[in-house]
Structure formats: C-alpha cells, structure tokens
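Heads up, the thing below is written out as structure tokens.
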There are 2 protein chains.
Amino acid sequence: MKPPSASAVTIELNAVLVALTANEPQVLTLDDGALLPSGPFESEHPTLQTGVRAWVERQTHHPLGYVEQLYTFADRNRAHEHGRRVVSISYLGLTRERLSRGARDPEWRNWYRYFPWEDWRRGPPPLIVGEILPRLRKWSDAAGDMAVKRERRQRIDVNFGDGKEQWNEELVLQRYELLYEAGLVLEAGAPARPVPSPLPGMPMRHDHRRILATGIARLRAKIKYRPVVFELMPETFTLLQLQRAIEALAGRPLHKQNFRRLIDQQGLVEETGEISSQTGGRPAKLYRFRREIVLERAVGGSKLPLTRPT
Amino acid sequence: MKPPSASAVTIELNAVLVALTANEPQVLTLDDGALLPSGPFESEHPTLQTGVRAWVERQTHHPLGYVEQLYTFADRNRAHEHGRRVVSISYLGLTRERLSRGARDPEWRNWYRYFPWEDWRRGPPPLIVGEILPRLRKWSDAAGDMAVKRERRQRIDVNFGDGKEQWNEELVLQRYELLYEAGLVLEAGAPARPVPSPLPGMPMRHDHRRILATGIARLRAKIKYRPVVFELMPETFTLLQLQRAIEALAGRPLHKQNFRRLIDQQGLVEETGEISSQTGGRPAKLYRFRREIVLERAVGGSKLPLTRPT
DNA sequence: ATTATAATGCTCATATTAAGCATAATTAAT
DNA sequence: ATTAATTATGCTTAATATGAGCATTATAAT
C-alpha cells in the first residue's frame, strides 16, 4: 500500500499574519490588499514551520512570535505555471507590532475591511439586517426543492441569527462560505460566477479571503483557551488595553468588571507595580504576562461529566 | 512575491480511521499493526478530501462518514525513493462499523495497545506510577542546566500529573512527545536513538504512532463540542451504550446520572419508542440521533465575559 | 423469593457566569 | 476651584451549570 506513483506538486505557503494597532486587528497584505503573503517551500528548510518563519522574517525583518498551521488544500482550479499541481499550506502568525515597511508594498489592513459584518463591537452591524439577511432570504426562497429551502433557512439562522442577537463570533468561515454560495460575495479563481452587486467588503485574489476567514476563526476560538493574545500585546499594558485587544479580535464588546475578574482568577498576569497615567481617567495599574505560566496547563475544558477517580 | 522556483514534492495521504467495536476504540492498521493506511494524492482528484475518501473507500468498501484534516508536515528525515521530498497530509475518519476484510491484511486494533497509559476507564493505569513517572523523573534529574531541569519537571507535571488525578485526556500528543524526548518510546525513522527498554505499547513505523496520537487527541477534544460520536454509533442505541462509547474515546469513566442529564439537556437524541431488553437489568429506552440538528449550532462555548447587545 | 444489574428520578452543595451598583482617582473643560 | 467626563476597581445578587450521590424501579438469573 505504498504510494504507487504520486504525481509531483509544488508547495505554496500562505500566511495570515496578525498584529494589533490602535485596538484594530491588522493583517499583512500585498498588492494593494489583494493578496496574503506567500512563499515557496524550499528544500533547504527542515520543516514547514521553519520555512514559514524564514521567509516571513526575511520579508518583514521581525521575529514571528507564534505560528500555527491552519489548513492544507489543493484546489484543482489553481494550477502552477509549469502545469504542476499546487498544494497550499496556510499558517497563522502573530506578531507584536507593526513590521517595518519593506521595499515592496506590504501593508497592514484592518481585517474588518474584508468582513464588515464580523465587527459587532459597536453593536449589530446594520449591514446584516439591512442587506445581508434580506438577500440571503431571497436566496433560500429561490430554492425549488423544499428540503433545500429548509436547509438553507437553517444555515442562515445558525450563522447570522436574527442579526441582533445569538451571534457566534467563531463562525467566520461558515458565514463567508454561506455568502459565497448565495452569490453575495465574489471570489476570484472560482468557477466564473457573475455577482451582480457584491456586499461591501474587499475581495482578495485566489482564495485568500477564505484563508483569512479561516485564520480569524481560528484565532477567535483560540483566545478563549490559550493565552495567545499576549503575543500581540506590548510588554506591559493595562487591563483595559488587554480588554480592547480581545474585543478587537473577537469582534464583540466585553463586560469590563467580569473581564477583570476572569483575568485575575486565571493568574495569567501580574502587576508591574507601575501605573499608567495616559488614560484620561483614573490611572490604571500596569500588568505583564507571566511568561513562566506553562502554556499547556491542564486547561480543564471538561464538558464531560467525569467521575472522581474513586 | 510569487514562489520563484519551488522544488517538487510528492504528497502522501495518511488516515487515522476510527471505529468502535464492543466498546473499544479501534483504528485501522496495515502490516501487522505497524502502519496506518496511506495512499498517494493522485492528479484526478479534485480535492484532497475526495482523494482520501476515494482510496479509503476503495480499500475498505465502506462509506466514510466523517472526515477531517489533521495535520500536514514535511519531515526532512523521510525521503521518497525518487529522492523527492515527501509531504504527509493526515486525516481523521470516523466509520460506523467494522469494515469488511480486504484481500490484504488491514486489521482493526485497539488504540490503547499503542498508548496503554491513555486508558483511565478503570482508574489510573499502574504503569504510570510504577514505571513512567519514575523514569521521567530520572530523565528530568539528569538535566545539567537548572532551567532545563525545572522545565522538564513542569512538563512532566502538566502532562502526567501525579499519576492519580488531574488527568487531561486531550494531551495525548504532548505526552507521546514527552515520552519520546525522554527516550522511553521508540520511533522509527527518527535519528537513530537507542531506547534500552521501551515502555509497553506497540510502536509503528515512520511517524505513524505520532499521527495516531494526533488523531486521538483531536477526537477527544471534538466529542466535547460536536456530536461526532454518533458517526460511530449504530442507528439506535441506549444511553449506556452511548456513555460507553464516549468513555472508550475519552479513556475515562463518566458519571452516569449526570451524563444522562447532559444528554437530554442538549436535545441531541430522541426516543425511538422502543425498548432494549438485551441489557441484563432494567430494560433501557432506545434512542436515535436527531440528524436534523444543525451540527454547527451556536455551540456557545463562550468563556468570554460578553455584554448583552444592549 | 432473592440477588444482581441496569435504568431513572431527584436532591443538595458548590462553582461559574451574567449583570449591574457603587466608589475612587484622574484629566479636561468651565 | 468646580464640575463634568472618563476610567479603574470593589462588591453584590441572581441565575445556571456542574459534581456527587441517594433512592426507587424494572428486568434476568439463581
């Protein structure tokens, strides 16, 4: 059962590189925001991850704090110039600050420019009730088959709710795919489909917007059970800064007092002893991340009704 | 920033194929348990996933219910016979029953034969206190550098606890890697390292045991927030059967009454109206999975102190 | 009948989460 | 100097969820 004669392919690495600037989530793009940075996997790299690190750091002159694999796919539609098949492996990277501008045109973009409906920090985006839901409903009603119609309605409901409540911020990719299927959003490289009046939100080339959606979704899920936010924070920070950072990523407002309680229960941070006074209000204590925390601590995450070992 | 001249590689697909037989978690293996089924990614397949489905179903003559990508890696150590680099993409697959035996030698194996320390269904495995912890401690004590020593101790503690409590069943891969680093377990293909007396637990060739660990870990995490167990269950089942299935996967005993409460709160199953009487006790109601449940229902999973939309 | 084995119903204590009131300490504006 | 606006921080209350276990019911096997 060995591979008999697998055909050769080339490997392309894509990166969703995230930073936070002024409480906004930023993603590194090229070509006027139309592409995610990509690089080849070269033979001198011992592993894929070192490959990503190498070319990202070469391009950006910044160390890449945290790197995590996102997804691998081989899309038949995308063929290499030499006719070889292309397999794309995408990574999520977190970095601490704006990177230095290179010679080319890499630019940080607010990720909500690509997904305006994902930002609920200032309440439900009017776009959803005003445009997305009506057009999705038209799409579901247009289904001939009753079963298909019901299924579409259910998907709309799960992913967008009523546009005012029950928002699950992790469903970034599912929502994007739903909008794509409903023809409200365009994606280059896909089988040509005319999209009459696409929703607000910048497109990207190839499937890069989809990869970005995957990265956002992963990060939104991860901040809930691993202290990855700190990769994006400065060395010291106030609790409100930390809250704003998480709000930026999750795209939702948090309850301030409860957020603080949570943070200090977790014991992830410690006071530096210093006090900020930049805040235009009562001065806040400064904190730092306790790096000595073991990241993989028994995060519990039970959800199963275990019995005691007896 | 296009890939200038990426070198060609071949793609190998690996599958961790899981089923449940008599309340034991089984994984499909080849070559007397030494390999996971693998197949090449061929050019006629539109996507990777269809590639996996195709050859698994061809080999096993069974439909593959659920498929999910696990991880992609390119290990420098593993080179294709033609000298080309090999990139492995692994998948987790769930299937409902034993598959029909093919002409070759595919066999279902209890996965705890590969990871005996992972089965806590009948309490803490004596192997941990009796052998693993002492040997790990010897390893951590052998570190020259104080910092390394502390770090090793901490990892041991997080991953194995005291061998009696605070067990986190999701850390399958981390534990395996720890044992590997400590030289208690052997892995073929890795830089030759003599392992004097490996722990009980079957090895596999290449890095297949590591891939299996990844699959188990993923499945153990997933059953907590997605109803994937039902892919492994017969059409109808009693609640105890369901409990035993989850216990088999999680490797831990569950509290019966609380398990039942949880299940019916979630509304994932419905009574069929029938009654089993095979159980040697009070007859149990039979249930079926409510397939119409939208799998991606707003699983909440909050952990963030949100505010109300106001 | 009696015993063993499961299935089920319920209760109680504790922990976690959601919401919000109240107070303190600053800066910016009158 | 007062007042208003902001932000930080302490605490309370209610609602839910979770962990343990007691008690009762319905069968099969002896």
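All of the numbers you see were taken from the coordinates with simple rules; none came from a lab. What you see is a predicted model, and the numbers here were worked out from it, not measured in a lab. Methodologically, a virtual Cβ is constructed for each residue, glycine included, from the backbone with ideal geometry; neighbour enumeration extends over all protein chains shown.
The modelled label-to-label distance for the pair B:ASN23/B:THR236, using points 7 Å beyond Cα in the direction of Cβ, is 2.2 nm. Annotation for B:ASP32 and B:HIS62: the two label points, set 7 Å from Cα along the Cα-Cβ direction, are 2.4 nm apart. For the cross-link pairs A:LYS285/B:LYS224; A:LYS285/B:LYS149; A:LYS164/B:LYS222; A:LYS164/B:LYS303; A:LYS164/B:LYS256; A:LYS164/A:LYS285, the ones whose C-alpha atoms lie over 31 Å apart are A:LYS285/B:LYS224; A:LYS285/B:LYS149; A:LYS164/B:LYS256; A:LYS164/A:LYS285. With the label put 7 angstrom out from Cα along the Cα-to-Cβ vector, B:GLU131 ends up 6.4 nm from the copy partners, going from closest to farthest. The residues neighbouring A:ARG153, those whose beta-carbon lies less than 11 Å from its own, together hold a net charge of +2 under the Lys/Arg +1, Asp/Glu -1 convention. Peptide A:38-47 has a mean of 5 when you count, residue by residue, the C-beta atoms of other protein chains within 10 Å of its C-beta. Here the relative contact order of chain A, from alpha carbon pairs under 8 Å that lie six or more residues apart, stands at 17 percent. Each copy carries a label point for B:HIS61 at 7 Å from Cα along the beta-carbon vector; from one copy to the others these points are 6.5 nm apart, nearest first. Considering only B:GLN26, B:GLY51, B:TRP167, and ranking their Cα positions along the charge dipole of chain B that arises from unit charges at the beta-carbon of Lys, Arg, Asp and Glu, the one farthest toward the positive end is B:TRP167. Counting only Cα atoms, the protein assembly as shown measures 69, 64, 57 Å along its principal axes, largest extent leading. Neighbouring Cβ atoms from other chains, within 10 Å of the Cβ of residues in A:226-235, number 0 on average. Label-point distances for A:PRO46 to the equivalent site in the other copies, using a point 7 angstrom along Cα→C-beta, read 4.1 nm when ranked shortest first. Short to long, the 5 Å bins of the Cα pair-distance histogram for region B:121-191 hold 3, 16, 27, 26, 17, 9, 2, 0 percent of all pairs. Taking every alpha-carbon pair under 8 Å whose residues sit at least 6 apart, region B:121-191 reaches a relative contact order of 31 percent.
List the relative contact order of region B:233-289 as a percent without decimals, with contacts defined as Cα pairs under 8 Å and 6+ residues apart. Spell out each step's value before the answer.
On the way: 59 pairs, mean separation 24.2, N = 57.
Here the relative contact order equals 42 percent.
Modelled label positions at B:GLN266 and A:ARG291, each set 7 Å beyond Cα in the direction of Cβ, lie 4.0 nm from each other.
Dividing the summed -39500 (n - 2.57) terms of all DSSP H runs of n ≥ 4 by the residue count of chain B sets its mean residue ellipticity at 222 nm at -8500 deg cm²/dmol. Pair-distance distribution of region A:234-289: all C-alpha pairs, bin width 5 Å, starting at 0; shares per bin in whole percent are 4, 19, 27, 29, 17, 4, 0.
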